Each structure stands twice: as structure tokens, then as C-alpha cells.
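The values are calculated or read from the model by the stated rules, or taken from the named source; none is laboratory data. All values reported here derive from a predicted model rather than from experimental measurement. Glycine also receives a Cβ, built like all others from the backbone with ideal geometry; neighbour counts cover every protein chain displayed.
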Amino acid sequence: MDRREFLKQVSMWSAGLSITVPHFTIISEALAAQRQAPVIAYAKGKDYAALVSQILDSLGGMEKFVKSGNTVVIKPNIGWDRNPDQAANTHPLIVKALVEHALDAGAKEVKVFDRTCNEARRCYVNSGVQDILKTIKSNRVTFFHPDERKYIPVDISKGQAARRLEIYKDALEADSYINVPIAKHHSLSTLTLGMKNSMGVLGGKRGDMHHDLGQKIADLATIVRPTLTVIDATRILLRNGPQGGNLNDVKVLDTIIASTDPVAIDAYATTFFEMKPGDIPSTVAAYKHGLGEMDLAKIKIIKT
Amino acid sequence: MRKKTFPLNNWRRLSQILCFSLFLFLFIKTDYTGHDQLAYAVNILFRIDPLLALCTSLAAKAFIQLMWPALLTLIFTLIFGRFFCGWACPIGALLDFSQRFFTPVNKKPNSLFRSLKYYLLGFLIIAAFFGMPVAGYFDPFSILVRGLALAVYPAMNVAAASFFTFTYDQAPQWVNAITEPVYAFLRYTVLPFDQKHYDLALLSLAILLTVIAFEKIQRRFFCRSICPLGGLLAVVSKFSLMRGKSGTKCGKCTNCQDICPMGAIDQERNISPLACNLCLDCVDSCPGNKISFTFSPATVVPQVFNLSRRTFIGSLAAGAVLPLFLQTRSLAKQGNPQLIRPPGALPEDDFLGRCVRCGECMKVCIGNALHPTFLESGIEGMFSPTLKARIGYCEYNCTLCGQVCPTGAITELAVQPKQQTKIGNAIFDKNLCLPYAKGIPCIVCEEHCPTPEKAIQFRMASVINSKRETVNVRQPYIVDELCIGCGICETKCPLPGHAAVRLTSAGESRNPQNALPGTSAPY
């Protein structure tokens, strides 16, 4: 089943026209093109907005990912009631830069949200994302708390550990879905990277994901497939993740990477922590699903 | 006869509407609004309440500074009498509004059980002094705010969410074009941010509804006969400067007597300042314009409380003696380990003495963690706050409960001391916890543990799971020295039913008797 048919099912289900839960099967051919040449854009520097511009340029510009009139979802990690220095949430400057690039590319609407772990309002405020998005004077940007009514159950045909999940409608329907995680430590998944960040679009009892977490993250990745993943490694959390709180656990790298291959980018980000892609269960499971490349030798890095 | 263009009681209604609106505004503002500090004195209603000020000061054996505004109420009462009941009290306004839906059974001007409030007042004051602080059970503001915060406001959200979910799911697009912006507006203005759930929601509602339903007995029956705050204000009003003067030579009309909602006017048309709430309905209704309110003491009518000395002394004796029996319960020897008080709470006896059961902390609690106790802290502790970690947890960076507490029962803490205040300690139930009991990986609790150096840590263990496979899993354990008892581990534990990690009051820093082995401070 292709993406178009899947979206048709989603909209029919949510409009009450169908009682069959939407389901999605990946077609390996659809992914084959990606697998041939995974590219990662890499940029390092203190000016985070400039870094975002650089990596987008080296991937061919935001216009490649956002077409005029598109609905765009930008999904940062705003899961915790922590401030930007504590490296638990995506840096607000990166979120802002991506929103602005999407607007410049002609997006009809740019939606930014996360389903938080701590109290939602506190996370939005303390992460700095709320304040910084207010400085963008555009009515095409919406920064909102998820609406309970919009979680849609989706059958995951290829899911090995997760067979059905509730997923936020906006994330499913977006023309362009830009995943913007922060790279950090996590005891169970070893690291929280791109695919783990997609748990922010899940409804229901997310705690259940943690039993066989790596496989379930990969199963989710068969449905929620970002047009672009941008990993914030400006500061990375080395210990006591995923929320940290102690500045001694934070290492400043001033690095941002981006890729269209969700597996390749997670694999590469692993090296920031002096680990191997194979150490991360979700990367391995997603690779086995055929969602992308995890062999670092086969990934092309463009440094800017 | 002079026809008034703007009857006096319209001024009173206006004042009631304003005060009630202000009350609702502060009620809604009793919430996180994007800043760590609350911008308004949202608890002011409780701080101007002289009954609570008196009872909590007696219980604490000290003048409670936070409650000084209550003196203003007393000063104004000394000048104007029980104006507060007629012009400002939000529950009075609610009763005046509700009475149009009730036809009172008792239409006689005399109040039924008028003296009851004095007996109750005496009992509450003495009991507070002797260690049974139960004023909050009868205080009108406590009853009102509890009823609204724990039941009415959450139910409002249920109603709105159900309705707008129905239109969202079922209605055609053009209906949604209207309803969705309306819902968004309501959420932005009056609705709570998220759905809250509370213990004793129905009991709190029932008490509030009972107070309103008393209108069926008599108009303002609660104010006339039960309200101990009204009783206190009545005692002060005996000495008030402003008095209602009635016509001494009026005819046979009993308009004033019939219309008086407080039963303050007797057969001789004397207006009792003990009962009169200055609604001024009598002034408006008097055909001869013979009633006026002035500061001239010329026509002082002897005032009586109509108390039976024997009953009054009996109520005082009960207030002094009943607290003794509280000490005979097992609870007096061993506190309830499920009773988790909010961070900054005073030691239990002081805490209960000061807590006025107003529900402000539960209303403001951002994590829906605080709930009213039923009998966990004894019959005298009903409606005092306790943390129910399976429902909600104490948000690590939040200090709102201490900010709203009107009496200092919960001390106001800055963020850093709050983060180091231990309100309890978590314990694992290894029969439930998946990595222990079933060899299934989990540690959601560890992920959410908010202390920078995690109070939940884990060790790798080799376990045989239910398929008889040997698996390596991370098994969590608590580091007592780091655990602050926030309860997020219990809230987020993904098990259905009981959590595998549970919060108890063990180790709470307000009680040195409760220190854990290895963490005890010398005392």
C-alpha cells in the first residue's frame, strides 16, 4: 500500500466514513532509491541559524523538502521541563530557523508540536521554543498542544513488536514531516536520536513502547517517515538522559546534521557518543526493516 | 411616596456580581500561566476570612501573618455590620441567585435554629485551640472553592470536551467551522488546560449543593443559621456603628419583615444587626420610607444572641474534650504511610492546624497530584491535601502549591529548596515490576526520574523469563538519598492497575521520626 492510499484511509477513518483502521505496508521499492545514496549534511559552528542554512543548502535547499503550498510538520523534542542549556530538548534556535526556511519555501502552514513527558505548558515555556516562535510574525505558523481527538489508530502491517499505534493525525497527513530531535543518552534505548523522537506523535499509553523499545521504535518508523531529519548535536547529553538536569552531563559539540535517510542519520549520530550504529537496537531493527542504511562506510558525509 | 429610580438593592446586586466575578477570575487564575510565580493574589478570599484567621491562629498558637487582611474585614464589620454577607460573600451571591429556583417551606420571618451558628462557632474555635482543626468543614469559602475546584470545574471540562468531540467527529465541516473556534476560545479563556480528576469530587459537590438546597428551608438558611463565619461577623456586628432604623409609628404593613432574607426584623420592626446583612431590601420595600441606615446611635435596640447558656457551654466542652479522643487512635501513634503531604508542608500537627481545606493547592497543582484526603489523616483531616501518585505527580520545577496556601500550612519554597525537599520515598514491588517479575525490559520510571543524578538507577541482571529464556534486563532500584518523593515513577509506571513502584511517606523531611535508615539526620 502506498502513501497516497494510506492517507486516503486516514482521512476516511477520521471523517467517520470508514470503520476500518488505516494500515500501512511499506514497499521496499519505494525505499530502494534512498538506500542507494544516503547523504548526511554536517555543519559545525556557533551560529546555529547559519548551520541550519548550510546543511539545507548542501542537501539542495529547503525547496527540495517543502513545496509551495505544502503543509509542514516540524517535530522537535520538547519533552521535558528543562532549559536549552540542559540539553534535554531541541535547541529553540534550530526550531526557529527550520520554521523560517519552511515559510520561505512557501509552506501553506507550518505546525510545531510535541506530546511532552512533563507538564505540557511548562515544557513549551522552559524549552524556550514557545518564546522564540512568538518572534516569528506569521499566521502560517501554529505551535500548539496536541488535541486528544486527533490521535488515529493505525495498523502497522510490518510491525514486529508494535502492531497498532495511535498516531497524531497532523503528523500522518503532513506533506512534509521534518523530524528535529536532540541527540542524547537514554538508559533503555541507549541513545535518543531521530526515530525515537517520533514517539512524540504517539497517543495512548506510551509507556508500553518500552517493552522491546528498539523494535517498536523501528516499527513506528515504518509509518512515520520524515521527509527530512535534522539532529541537534549542538549540546549532547552524555549521562542521566533523557532529561538530564545537570550541566556536567552536557557536552557542547556545536554540530547539526541532516539527512533524508532516518536510519543513516541515527547511525552516524551514534559516533558522537563514541559508539557504533550496531549498539543502538532501534537502528539495527530499522535497518532490518529496510528503512535505510546503517553501514557508515556506505554513507556519504558532506561537511560544510 | 418617593419612587426610587435606582433601587438601593441594585447597588448591592452590582456589588455581588462584581465580587463574584472577581472571585471567579481569581479562581481561574489559580493556575500555571507560563510563569513560575503567580501574578495575582489568587488566595485573597481565604486571607480576608476572620473565622479561618482566628481558628488557624489559635491552632498554631501564633498570629498568622499571611492572614492579616482578615483584620480589615473585622474593621469594616465594626463600621458597617454584616455587610460582607450581603455585599461581598460569593456564596451569599450564589444563594441570592439560587433562591429564585426555590420556594422556601418556612415563610415565617423568624429564623429556624438561628443560634446554631454560634454554638458551632464556639465549638470550632475551642476545638482548634485544643488540636482538632475542623473550621474548614463549615467555612463557606472552603465549601465553595472545594466544590468548584474538585467537581464543577472539571465537570465543565468534561461537558465541553464531550460536546466539541461530538461535533468534531460527527458534524459536517461547516458546523466545525463554527464550533472549533468557539472551543479554542473557551479553552483559551475559561476552561482548564487539561482534564483533572479528584478524590471526593462527588462529596465536595454534594456539600456545596446541600448548602444551596437549604434555600428550600428558608432564604439564606445557611447564612442565618449555620455559617460560622456569619456567626463571627454577627458577634462583631453587635458593636457596629451603622444601624438600620425602622419606623416606630408605621402602620400594620409587614413588608420589611416579609422581605428580609435574613429574618433580621422582628414584630416591632427592630432591625437586628446580628442578622442584618444590609441588603437594603427593606428600605426599598417600605411604603412610608421609614427605614434608613445611619451611624446615629440614637435608637439602640438591645441585642440578644438568644443562646442557651447550657448548650453553649456544652458546645465549648465538646470542642475541648473531643480532641482527647483523637489521641487514642492508632493514627496518633503511627501516621498513615500513604499520606504524602505537598513539599513545604509543616509537620503533621502544625500542618493540620493551619490547613483550612480550601482546595487551592489541589486546584493549582499542575500535575493533578494533590487530592483531598478522606480518612487517611483522620476524621479531623478530611479534605486536607495528599499526593496520589498513581493519578499525578509533583512537577519537579513547580512551586505553586506553596504560593497559593493562604495560611502557610504549605510553606512557600523557592525552586531549589523545593527540589531538595523530600516528601516521601518510592519503593519497588518486585512481584509486579516487569524486569524483576517477568524479565521484560522497561525502566520507564528511570527515564522520568527528574533528579539530575537519578534517584532510580538500575543494575543489569540475568533473568529467566516466562518462556524459560535467559535474558539480560536492567532492574531498577531506588537511591533513598536522592529520591525526593515526587511520585512521577508511580504515575508513569506503564503497568495496568497498581504501579510496580509506589510512593510512601517514609523519609519525608518534615518528620525526623520518619527518617530512612542511612539518611537519618541526628536530632
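Here B:K418 meets the list (1) outside any strand (DSSP E or B); (2) within 11 Å of chain A (Cβ to nearest Cβ) almost entirely, failing just condition (2). Residues in region B:468-492 that are touching a residue at least 60 places away in the same chain (Cβ under 8 Å) and in a loop (DSSP other than H, G, I, E, B): B:C483, B:I484, B:G485, B:C486, B:G487. Considering each residue of region A:246-296, count those that are surrounded by fewer than 17 Cβ atoms within 10 Å (Cβ to Cβ) and over 23 Å from A:G214 (Cα atoms), and give that number. Total meeting the criteria: 7. Restricting region A:257-304 to residues that are assigned to a helix (DSSP H, G or I) and charged (D, E, K, R), the residue that is nearest to A:V52 (Cα to Cα) is A:D266.
Taken over region A:177-198, the criterion of being more than 14 Å from every other protein chain (Cβ to nearest Cβ), part of a strand (DSSP E or B) and over 16 Å from A:T222 (Cα atoms) is satisfied by A:V180, A:I182, A:A183. Please determine, by comparing only the residues of region B:105-132 that are in contact with a Pro (Cβ under 6 Å, 6 or more places away or on another chain) and part of a loop (DSSP other than H, G, I, E, B), which one is surrounded by the fewest Cβ atoms within 10 Å (Cβ to Cβ). Across region B:105-132, the extreme among qualifying residues is B:G131. Annotation: of all residues in region A:92-125 being crowded, with 17+ Cβ neighbours inside 10 Å and small (G, A, S), the one that is nearest to the other protein chains (Cβ to nearest Cβ) is A:A120. Screening region A:200-236 for residues that are hydrophobic (A, V, I, L, M, F, W, C) and within 11 Å of chain B (Cβ to nearest Cβ) and picking the one that is nearest to A:T260 (Cα to Cα) gives A:L213.
Among all positions in region B:147-154, there is no residue which is free of Cβ contacts under 8 Å to residues at least 60 places away in the same chain and within 14 Å of chain A (Cβ to nearest Cβ). If you go through region B:509-523 and keep only what is under 15 Å from B:F351 (Cα atoms) and either among the hydroxyl-bearing types (S, T, Y) or at pLDDT below 85 (or both), you end up with just B:S509.
A single entry from B:G402, B:G392 fulfils the requirement of being in contact with a Gly (Cβ under 7 Å, 6 or more places away or on another chain), not charged (D, E, K, R) and not in a loop (DSSP other than H, G, I, E, B): B:G402. Taking the criterion of being of a type in the set (D, E, K, R), within 22 Å of A:N70 (Cα to Cα) and more than 12 Å from every other protein chain (Cβ to nearest Cβ), the residues of region A:126-155 that qualify are A:K137, A:R140. If you go through region B:459-472 and keep only what is within 13 Å of another protein chain (Cβ to nearest Cβ) and either in contact with a Gly (Cβ under 6 Å, 6 or more places away or on another chain) or within 20 Å of B:Y393 (Cβ to Cβ) (or both), you end up with B:N465, B:V471. If you check B:E453, B:E412 for being assigned to a loop (DSSP other than H, G, I, E, B), within 14 Å of another protein chain (Cβ to nearest Cβ), among the charged types (D, E, K, R) and farther than 18 Å from B:E490 by Cα, only one passes: B:E453. Within region B:498-508, is even one residue in contact with a Cys (Cβ under 8 Å, 6 or more places away or on another chain), assigned to a loop (DSSP other than H, G, I, E, B) and within 14 Å of chain A (Cβ to nearest Cβ)? Yes; the residues of region B:498-508 include at least one that is in contact with a Cys (Cβ under 8 Å, 6 or more places away or on another chain), assigned to a loop (DSSP other than H, G, I, E, B) and within 14 Å of chain A (Cβ to nearest Cβ).
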